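The values are calculated or read from the model by the stated rules, or taken from the named source; none is laboratory data. This one's a predicted model, so the numbers in the text were calculated from it and none came from an experiment. Note: ideal-geometry Cβ built from the backbone for every residue, glycine included; neighbour counts use all protein chains shown.
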Amino acid sequence: MKHSKLTALIFLALILGVVFGHFFPEFAVKMRPLAAIFLRMVKMIIAPLLFATLVVGIAGHGDTKRLGKIGLKTIIYFEIVTTLALAIGLTVGNIFKPGVGFVSGNSVSSIQMQEAELFAFATPAHTSVGAMITEIFPTSIVDAMAQGNLLQIVVFSIFFALAICAVGKKAEPVMDLLNSVSQIMFKFTEYVMYFAPLGIFGAISATVGANGLSVLKNYCKIIGSLYAALAIFVVLVLFIACKIARISFRNLLRAIQEPALLAFTTASSEAAFPKAMEIMERFGVPKNIVGFVMPTGYTFNLDGSTLYLAMAVIFSSQIVGINLDINQQIVMMLALMLTSKGIAGVPRVSLIVLAGTLASFDIPIIGVAILLGIDQILDMGRTTVNLIGNCVATVVIARWEKVFDYDKMKEFVRVSKEEGFTFKIGKKDNTIENDIIEG
């Protein structure tokens with residue numbers, strides 16, 4: 001199935017899901033298993049795909065010193081971008097004041113029940129640097145793969161790849177095997193993506209069926225504020241980052257529209273992760289950079305979630321009439337810079353980090369319970385920005401290392417145009433060289 005056809009089917013599934021959920025809510029709620037099955041299929045791909053591609057990328061490169069340079073540059077970029085995300089979320093929250101005058105339609109007892117539900121499924125997020133660092137190192141790679149802990153898999157894969165480099169020729173059979181596994185898993189990913197429209201239909205119809213379209217009326221201010229902040233971040237940070245790297249942001253967005261749509265409709269980074277990795281490699285980013293930056297980014301570079309947490313703190317304090325001064329807000333943002341690094345790529349976990357942060361600063365967590373009712377809608381936006389931010393990061397690091405393959409990008413653009421997409425290739429329609437830095 002060509003990417004253009006699959007994208008069209010995904011859009012159709014999205015529209016049909018909204019319509020079906022609105023007109024047949026009771027039956028639509030029963031469609032949730034379709035989404036659950038699709039997400040399970042995606043989760044079974046991630047661990048073997050990540051392990052194989054990362055080991056092949058690092059060991060195939062053979063230069064361990066350069067890997068250290070890539071890692072340092074990646075962390076520097078992540079910290080700059082997430083700090084800007086916090087600043088934008090904080091600024092928009094203070095300007096739009098989404099919590100001022102907010103009237104919840106929920107009774108006190110309903111809110112208490114929602115709080116109980118929130119903590120019933122939650123696991124505590126990391127609240128200290130020491131805990132976060134400790135959790136990076138797995139006690140068992142099997143356990144890490146079973147739980148889908150991306151960063152632990154990355155750490156094991158790095159050490160495994162370094163050991164292959166040290167062994168040399170004797171490890172060539174293992175490299176050949178992992179190369180084959182990598183190719184097989186990409187084909188596996190393609191097969192799983194065929195089920196994306198069904199999964200998206202189930203997710204959207206169940207969400208609309210359970211909550212109704214009317215939920216948007218009471219929460220339009222916080223929803224509008226968050227999506228405005230996310231749009232500002234994309235334009236002021238990600239677009240400019242691509243401009244500095246001399247890569248067409250429009251081309252990049254169109255290249256990743258399929259995984260971005262998956263991330264938006266399922267509100268799950270995991271659903272879009274395998275496809276995004278495949279596309280970024282085809283777009284011209286070397287395999288070793290894609291394999292390192294993308295999974296690391298899902299722990300250290302969750303731009304959308306970080307921005308959301310900043311706004312949610314302001315929203316929650318405004319609801320209960322607490323006015324945080326600038327010093328208090330800065331201290332809270334510094335705390336979020338640490339606690340947000342422990343966010344996993346699963347739905348609603350940002351609410352747990354928010355609840356822990358509010359409790360640490362003696363702010364009532366009633367805002368968390370209120371946000372729980374629309375978290376699916378909010379999660380769709382922030383998850384999409386998480387994905388786009390990490391894709392931009394791979395391009396920026398590749399350009400920083402001067403290893404971005406423009407020939408592959410031109411070929412990707414050409415093939416995509418033949419499949420039905422239209423791209424603005426450069427400053428002129430028939431050339432891409434205007435966007436390339438010499439040397």
Exercise. Quick one: in region 312-338, of everything that is within 10 Å of VAL100 (Cα to Cα) and small (Gly, Ala, Ser), which residue is farthest from the chain's Cα centre (by Cα)?
Key: GLY321
Self-check item: Enumeration of residues in region 391-405 that are modelled with pLDDT of 95 or more and surrounded by fewer than 19 Cβ atoms within 10 Å (Cβ to Cβ)
Solution: none
Quiz prompt | Residues of region 114-159 that turn out to be at pLDDT below 70 and part of a helix (DSSP H, G or I), as a count | solution = 13
Quiz item: For the subset of region 360-411 comprising residues that are assigned to a helix (DSSP H, G or I) and free of Cβ contacts under 8 Å to residues at least 24 places away in the same chain, which member is farthest from PRO98 (Cα to Cα)?
Solution: GLU411
Exercise. May I ask you to verify whether PHE201 is touching an Asp or Glu at 6+ places or on another chain (Cβ under 7 Å) and crowded, with 17+ Cβ neighbours inside 10 Å?
Key: no
Quiz prompt | Out of ALA276, ALA255, sole residue that is crowded, with 24+ Cβ neighbours inside 10 Å and under 18 Å from ARG382 (Cα atoms) | solution = ALA276
Quiz item: Of the residues that make up region 318-329, is at least one in a loop (DSSP other than H, G, I, E, B), under 16 Å from ILE80 (Cα atoms), modelled with pLDDT of 70 or more and in contact with a helix residue (DSSP H, G or I) (Cβ under 6 Å, 6 or more places away or on another chain)?
Solution: no
Quiz item: Can you tell me which residue in region 406-439 is surrounded by the fewest Cβ atoms within 10 Å (Cβ to Cβ), limited to those that are at pLDDT 85 or above, over 21 Å from LEU262 (Cα atoms) and not aliphatic (A, V, I, L, M)?
Solution: ASP407
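Please note which helices (runs of 4 or more DSSP H) are completely contained in region 163-231 and include at least 1 residues that are in contact with a Pro (Cβ under 7 Å, 6 or more places away or on another chain). Give the steps one after another, and end with the answer.
Values: elements: 172-193, 196-211, 215-218.
Correct list: 172-193, 196-211.
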Quiz item: So which residues in region 283-322 are surrounded by fewer than 24 Cβ atoms within 10 Å (Cβ to Cβ) and aromatic (Phe, Trp, Tyr)?
Solution: TYR298, PHE300
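Yes/no per residue for (1) over 20 Å from PHE78 (Cα atoms); (2) not in a helix (DSSP H, G or I):
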| position | (1), (2) |
| --- | --- |
| LEU252 | no, no |
| ALA271 | yes, no |
| PRO274 | yes, no |
| VAL285 | no, yes |
| THR306 | no, no |
| ALA312 | yes, no |
Quiz item: Among the numbered criteria (1) surrounded by 19 or more Cβ atoms within 10 Å (Cβ to Cβ); (2) modelled with pLDDT under 90; (3) touching a helix residue (DSSP H, G or I) at 6+ places or on another chain (Cβ under 7 Å), which single criterion is violated by TYR219?
Solution: (3)
